[in-house]
Amino acid sequence: MSGLVTGLLFISSRNSMEIRKIDPNVVSELSLESVLSELNVTPYNHSLNSFDEEKAKMGQDLILKGRTIRNGKKSKLISSFFVCTDCHNLGREFDNLSSQKASERLEFSKNNYIPFLPGSTFYGIYNRTSFYNDDYIKKYGDLVTNARDTLENSVQLCAKYCSSGRYLADWELEAIMHYYKKNELKIKDLNLDEQTLESIVNLKRINDDEKTDLLAILNRSHVNGYNAKFLSTMDVNKRKYGKGGNVENGKLIYNKSCLHCHANKRVTYLNLGNDKLSGKMFVKNLEGYRDKSLYQIIRYGTYAKFGRKQYMPMYTEQKMSDDQLNDLVAYIKQLAEK
Ligand code: HEC
Ligand code: HEC
């Protein structure tokens, strides 16, 4: 790499007489939001004008532990059943931030030792403009209408319904928004090429066409809203029952996804492990359309009931593909024969 990235001298494309020294760190540390704002993009609905580190820290507590310390006192738990990180990662989930492919997500999770969860990551969520997209309307109905274009409302929906908890107080919501702002996308996160970076350096000098191009590139550089396709229980004639499945991938999915909750008595009574008994339980239930069949449970999850608020979230196609489901079946079959 040359020029900008290494911090050498280069000649501005606008004015060849002008030689400027570029500090690569200045551009790479810029927030995506600040660059979009220079390009006159309408601010996010949830845009924060100022950032408060203390609030972000409280937001992090709320996300990881469901409560924080405020005015010297422990705050009330958001949910007695879940914390946000049961279902959402906090860090990056893709090498390529514009990808939504389940296979690339699993590959990244393997290489970076992170869980593989039914919810989208909070990383970069500040830079998204739509939430609970596509088929989520089928699950949450009208609740989704107000959440689709509003990050705050999405947080509220999830705190109350996905977490089987309650609506957040204003200060809690604000704290989480500051946490999101803290983890917003920066230019360095976007894998932009040299020429694009130069356009950003020269932002005040480039012409309107160049601005339009830059904006298109920035919009393509990351996901603005995660797609969500619900699949139904696979028809029995379409199932491969693990045939041709990748056992290694299946094991990854089992460990990084299912056991994230099922090896954790806080979340559910159903304790599972990498043992023959767990494998046999799944094999026994695999056929047909039983509740415990992998083909059923993964696509529908379970529902919160009165007196038993813990439920299992469903996996959309984006969060687990049919091929991955087949890989998982291949693995549990091997487990059962151990
Ligand atoms: C039991 C699982 C579960 C828990 C716990 C949970 N969520 Fe979610 N959340 C989901 C699922 C599933 C979705 C929809 C899929 C997605 O994230 O794209 C979702 C979506 C969201 C979205 C919209 C994401 C988007 O890009 O569409 C936000 C914001 C959110 N959750 C915030 C939270 C917060 C904050 C907490 C903790 C207070 C929390 N969630 C706890 C499962 C959960
Ligand atoms: C976010 C946490 C979470 C994840 C991830 C998760 N589960 Fe669950 N699962 C639950 C909860 C909660 C229940 C409800 C049981 C209860 O009441 O404790 C449940 C129930 C189940 C049941 C029992 C259904 C019934 O009708 O009795 C099966 C089987 C199951 N999960 C399998 C899986 C498999 C396979 C995976 C991985 C693909 C998985 N779970 C991932 C939380 C989770």
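The values are calculated or read from the model by the stated rules, or taken from the named source; none is laboratory data. Just so we're clear, the structure is a prediction, and the values are computed from it rather than from any experiment. Note that each Cβ is placed from the backbone with ideal geometry, even for glycine, and that neighbours are counted across all protein chains shown.
Give the range 219-239 a look and list any residue that's of a type in the set (D, E, K, R) and within 16 Å of ligand 2 (Cβ to nearest atom), or say none. Scanning the range 219-239 gives a single hit, 239.
Scanning the range 90-133 for residues that are surrounded by fewer than 16 Cβ atoms within 10 Å (Cβ to Cβ) and more than 23 Å from residue 36 (Cα to Cα) turns up 101, 103, 104, 107, 110, 111, 112, 113.
Applying the selection to the range 289-298, what residues are free of Cβ contacts under 8 Å to residues at least 60 places away in the same chain, within 10 Å of ligand 2 (Cβ to nearest atom) and not acidic (Asp, Glu)?
Matches in the range 289-298: 290, 292, 294, 297, 298.
Total residues in the range 252-265 satisfying the condition of being out of contact with any Leu (no Cβ under 7 Å at 6 or more places or on another chain), farther than 11 Å from residue 106 by Cα, at pLDDT 95 or above and surrounded by fewer than 21 Cβ atoms within 10 Å (Cβ to Cβ): the figure is 1. Of all residues in the range 181-222, exactly one satisfies the criterion of being among the hydroxyl-bearing types (Ser, Thr, Tyr) and either under 18 Å from the mean Cα position of the chain (by Cα) or closer than 21 Å to residue 92 by Cα (or both), namely 221. What are the residues in the range 56-89 that are loosely packed, with under 15 Cβ neighbours inside 10 Å, within 16 Å of ligand 2 (Cβ to nearest atom) and in a loop (DSSP other than H, G, I, E, B), if any? Result: 80, single match. Here the range 299-333 is the region considered, the condition is being loosely packed, with under 15 Cβ neighbours inside 10 Å and more than 25 Å from the chain's Cα centre (by Cα), and the residue that is farthest from ligand 2 (Cβ to nearest atom) is 306.
Going by what's in this entry, would residue 173 be described as farther than 22 Å from residue 320 by Cβ, of a type outside the set (Val, Ile, Thr), touching a Gly at 6+ places or on another chain (Cβ under 7 Å) and more than 8 Å from ligand 1 (Cβ to nearest atom)? Answer is no for this residue.
For residue 242, the conditions (1) within 16 Å of ligand 2 (Cβ to nearest atom); (2) farther than 25 Å from residue 270 by Cβ; (3) not β-branched (Val, Ile, Thr) are fulfilled apart from (2).
Looking at (1) more than 14 Å from ligand 1 (Cβ to nearest atom); (2) touching a His at 6+ places or on another chain (Cβ under 9 Å); (3) closer than 25 Å to residue 105 by Cβ; (4) in a loop (DSSP other than H, G, I, E, B), can you tell me which one residue 268 breaks? Evaluating residue 268 over (1) more than 14 Å from ligand 1 (Cβ to nearest atom); (2) touching a His at 6+ places or on another chain (Cβ under 9 Å); (3) closer than 25 Å to residue 105 by Cβ; (4) in a loop (DSSP other than H, G, I, E, B) leaves (1) as the failure. Any idea which of 274, 224 is surrounded by fewer than 18 Cβ atoms within 10 Å (Cβ to Cβ), within 16 Å of ligand 1 (Cβ to nearest atom) and within 30 Å of residue 112 (Cβ to Cβ)? It is 224. Looking only at the range 205-223, count how many residues are in contact (Cβ under 8 Å) with a residue 60 or more places away in the chain and not in a helix (DSSP H, G or I). So the answer is 5. Looking only at residues in the range 266-292 that are touching a Ser or Thr at 6+ places or on another chain (Cβ under 9 Å) and more than 23 Å from residue 139 (Cα to Cα), the one that is modelled with the lowest pLDDT is 287.
Here 286, 259 are screened, and the one residue that is hydrophobic (A, V, I, L, M, F, W, C), more than 9 Å from ligand 2 (Cβ to nearest atom) and either free of Cβ contacts under 8 Å to residues at least 60 places away in the same chain or within 16 Å of residue 116 (Cβ to Cβ) (or both) is 286. In the list 295, 241, 315, which residue meets the criterion of being in a loop (DSSP other than H, G, I, E, B) and either modelled with pLDDT under 95 or more than 16 Å from ligand 1 (Cβ to nearest atom) (or both)? Just one listed residue meets the conditions, 241. Residues that are at positive phi, in contact (Cβ under 8 Å) with a residue 12 or more places away in the chain and either outside any helix (DSSP H, G or I) or not assigned by TED's automatic domain parsing to the domain that holds residue 216 (or both) are absent from the range 39-55 altogether. Can you confirm whether residue 248 is more than 15 Å from ligand 1 (Cβ to nearest atom) and not aliphatic (A, V, I, L, M)? Answer is yes for this residue. Count of the range 143-189 residues, restricted to those that are within 16 Å of ligand 2 (Cβ to nearest atom) and of a type outside the set (A, V, I, L, M), is 6. If you go through the range 90-124 and keep only what is of a type in the set (S, T, N, Q) and either part of a helix (DSSP H, G or I) or away from ligand 1 (no atom under 13 Å from the Cβ) (or both), you end up with 96, 98, 99, 103, 109, 111, 112.
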